[in-house]
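First the structure, in the form of structure tokens, and then the observations on it.
Nothing in this text is a laboratory measurement; each read-out follows from the coordinates by a stated rule. All values reported here derive from a predicted model rather than from experimental measurement. No Cβ is skipped: glycine too gets one built from the backbone with ideal geometry, and neighbour counts run over all protein chains shown.
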Amino acid sequence: MTKNYPTKEFIENLPKAELHLHLEGTLEPKLKLKLAKRNKIAIGQETIEEVQKSYQFDSLSSFLNVYYPAMNVLQKEEDFYELAWEYLKKAKEHHVKRVEVFFDPQAHTSRGIKFKDVINGYYRAIQNSSELGISADLIMCFLRDMSAESAMETFEQALPYKDKIAGIGLDSDERGNPPSKFFDVFKKAKEAGFHLTMHCDIDQENSIEHIRQALFDAKVERLDHGTNIIENPDYVKYVKENNIGLTCCPVSNGFVVEDMKGKEIIELLEQGVKVTVNSDDPAYFQSYISDDLYAVAENYFLTTEQVVQLVKNSFEIAWISDEEKVEYIQLVDAYVDSFNKVKAI
Ligand code: ADE
Ligand code: ZN
């Protein structure tokens, strides 16, 4: 049988789920300038080109050094609402039907912003997402380069808003900050009924040990990035058997480790692991989910069938009911059928 390769148009219109996206990573230069003006924050940049020029990084830590200071423009509940709403509109353009998005409260509370302003702003946007035909949930992440005590305080601040948060994650600089540092707070979060996930970033010191801790000690339901798992066949078998998905972000990987890790994504896909493709911080890497999918498809010669499997995996590992999973997968199948019919005419 001849192989069929997807076009950009096919990928853009494919119904998708986005499971690895940092809301703060969707701060486009235009919105950054608008918020800076509205909140009278001096950012030292006046044009979109100047903001873009400041987005220079070649590692996770150099990326984070640009990423956190940019958040100063986010001051009021309305700003958090606008950031999330602008992202959701963009997601609709990319035919995203389901989003589970990260946010970093400590990046804001540590500069004097109230937790309630962050969560209420983001949640209002999430609540309105049905207007765009998108179902959405929030994942609250702890910053792993802050203390375990700060994570616990943040967890306690979040408890009154429990109904507004679906899951708990862990992000920021992994170097020297293993999952074990946060076991207590993750244990509490699990007992309180939150879903759990954790970043296991690419090619970190002790990557495999961090993956082991995340899977077997913290008992997360997903790994964010996590492609180093390929180095340990027993762990690959474990995630496969336990339906634990990996949320990979190829374009982001290309920036921070100069390798999209497409080879690993394909190998894991072929072994039946629920790998998925996502965008991480699209405003910084100038790549939304369709661009990420197209980038791996184009660079690693993925077939249409492989791209469709990646997208179905996202719905399968999403934190939604089994009935919803079936409905979304039927939507994907119907799209593929209709695309093939048009092609055959
Ligand atoms: N925060 C935003 N993007 C991140 C990433 N790729 N890894 C860790 N923390 C992040
Ligand atoms: Zn991430």
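Some points to look at:
- Here the spin labels are modelled as points 7 Å beyond Cα on the Cα-Cβ line, and at residue 30 and residue 127 they lie 2.8 nm apart.
- Bridge type composition, the chain - antiparallel percent by DSSP, nearest 5: 0 percent
- When peptides 279-288, 22-31 are ranked by their average number of other Cβ atoms within 10 Å per residue, the highest-first order is 279-288, 22-31.
- Tensor-based shape of the range 16-85 (alpha-carbon gyration tensor, a/c under 1.5 rounded, otherwise prolate or oblate): oblate
- Peptides 3-11, 162-170, ordered by how many other C-beta atoms sit within 10 Å of their residues on average, highest first, read 162-170, 3-11.
- Dipole axis of the chain (+1 Lys, Arg; -1 Asp, Glu on Cβ), positive-most option in 339, 238, 304: 339
- In this simple spin-label approximation, residue 344 and residue 323 carry label points 7 Å from Cα along the Cα→Cβ vector, and these lie 3.3 nm apart.
- Cα-projected label distance for residue 7 with residue 46, points at 7 Å along beta-carbon direction, nm: 4.5 nm
- Relative to its Kirkwood radius, the Cα radius of gyration of the range 212-345 gives an Rg/Rh of 0.98.
- Contact order normalised by residue count of the range 8-344, Cα under 8 Å, 6+ apart, percent: 19 percent
- What you get for the chain, charging only the Cβ of Lys and Arg (+1) and of Asp and Glu (-1), is a dipole of about 720 debye around the Cα centre.
- Dividing the helix sum by the residues of the chain, where each DSSP H run of 4 or more adds -39500 (n - 2.57), gives a mean residue ellipticity at 222 nm of -15000 deg cm²/dmol.
- The alpha carbon gyration tensor of the range 88-161 gives principal lengths a ≥ b ≥ c with a/c of 1.5 or higher and a/b greater than b/c, which makes the shape prolate.
- Near residue 287, once Lys and Arg are set to +1 and Asp and Glu to -1 for all other residues with Cβ below 11 Å from its Cβ, the sum equals -4.
- Percent of Cα pairs exceeding the 17 Å cut-off, where the set is the range 226-285: 35 percent
- Sequence ranges 191-198, 48-55, ranked by mean other-Cβ count within 10 angstrom, highest first: 191-198, 48-55
- Across every pair of non-identical alpha carbons in the range 279-345, the mean reciprocal distance, once inverted, gives a Kirkwood radius of 13.5 Å.
- Taken as Cα centroids, the range 276-345 and the range 181-212 sit 26 Å apart, rounded to the nearest whole angstrom.
- Cα convex hull of the chain - mean projected area over all directions, nm²: 17.2 nm²
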